[in-house]
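As structure tokens, the structure follows; a few thoughts come after it.
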Amino acid sequence: MEIGLRILAFGIDLAFCFSTLPLVMTGTGWILEKLGGFALLLIPFWFVLFFVWPLLCLAIPTGIWGKSLGKLLCRLTVTDYHGQPPGVWRSLGREVLKFLAVGSGLGMILTLFQIIYQGGTWYDHLCETKVDFSPYVRLTQTQKNWRKHMKNR
């Protein structure tokens with residue numbers, strides 16, 4: 001079950017990153033337009049931004065909270081071996097290695113094999129992180145009161 005959730009979370013993350021990329025490119029294009037002739041020197045920045053934006057878009061929330069948008073929706077959490085969020089640098093390394101694994105066909109097959117049979121991936125082992133699934137959601141006091149009210153009705 002976890003492999004399906006991890007693939008779904010990764011798909012949601014990629015869709016979010018690449019759907020926000022045109023907004024980022026438009027914003028930087030506006031900045032380059034305001035710079036005038038100096039902007040020609042910064043055009044290679046766009047090519048770098050195209051590859052760096054998805055990494056930053058996934059690594060920063062994962063490093064700070066242990067969850068990206070896809071992991072939040074699938075109730076997955078990335079932690080280090082002490083149970084804390086991994087930190088930005090460790091999660092950035094994790095995301096770079098993950099993109100290298102997914103970008104190469106053999107790496108993707110190896111990653112799927114490791115998730116199925118070993119429960120973790122090689123990039124999780126290298127970065128000393130793990131992905132946890134929390135199936136239960138804690139209810140707030142208002143939700144508990146509402147359920148009690150509806151049950152006694």
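We did not get these values from a lab; they are worked out from the coordinates using the rules stated. Source: prediction; values computed, not measured. Counting neighbours? That spans all protein chains shown, and the Cβs are built from the backbone with ideal geometry, glycine included.
Laid out as a table, the results:
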{"quantity": "Theoretical ellipticity at 222 nm over the chain - DSSP helices of four or more residues, -39500 (n - 2.57) apiece, nearest 500", "calculated": "-23500 deg cm²/dmol"}
{"quantity": "Where labels lie 7 Å past Cα in the beta-carbon direction, separation of Lys144 and Trp30 in nm", "calculated": "4.6 nm"}
{"quantity": "Where chymotrypsin sites (Phe, Trp or Tyr not before Pro) fall in DSSP loop in segment 76-135, at most 16 other Cβ within 10 Å", "calculated": "Tyr81"}
{"quantity": "Helix axis angle, 88-103 relative to the chain longest principal axis, alpha carbon, degrees", "calculated": "80 degrees"}
{"quantity": "Taking only Cα atoms of the chain, radius of gyration then Dmax in Å", "calculated": "19.6, 71"}
{"quantity": "Any cysteine of the chain lacking a neighbouring Cys Cβ under 4.7 Å - listed by number", "calculated": "Cys74, Cys127"}
{"quantity": "Ranked Ser104, Ser91, Ser134, criterion: other C-beta atoms within 10 Å, fewest first", "calculated": "Ser134, Ser104, Ser91"}
{"quantity": "Computed magnitude of the charge dipole of segment 2-152 (debye, nearest 20; Cβ of K, R +1, Cβ of D, E -1)", "calculated": "840 debye"}
{"quantity": "Per-pair calculated FRET efficiency, R0 = 22 Å: Phe47 and Trp89 via Cβ, rounded to 0.05", "calculated": "0.40"}
{"quantity": "Straight-distance crosslink candidates among lysines, where the alpha carbon sits under 17 Å from Lys98 and sequence neighbours closer than 8 are dropped", "calculated": "Lys67, Lys71, Lys130"}
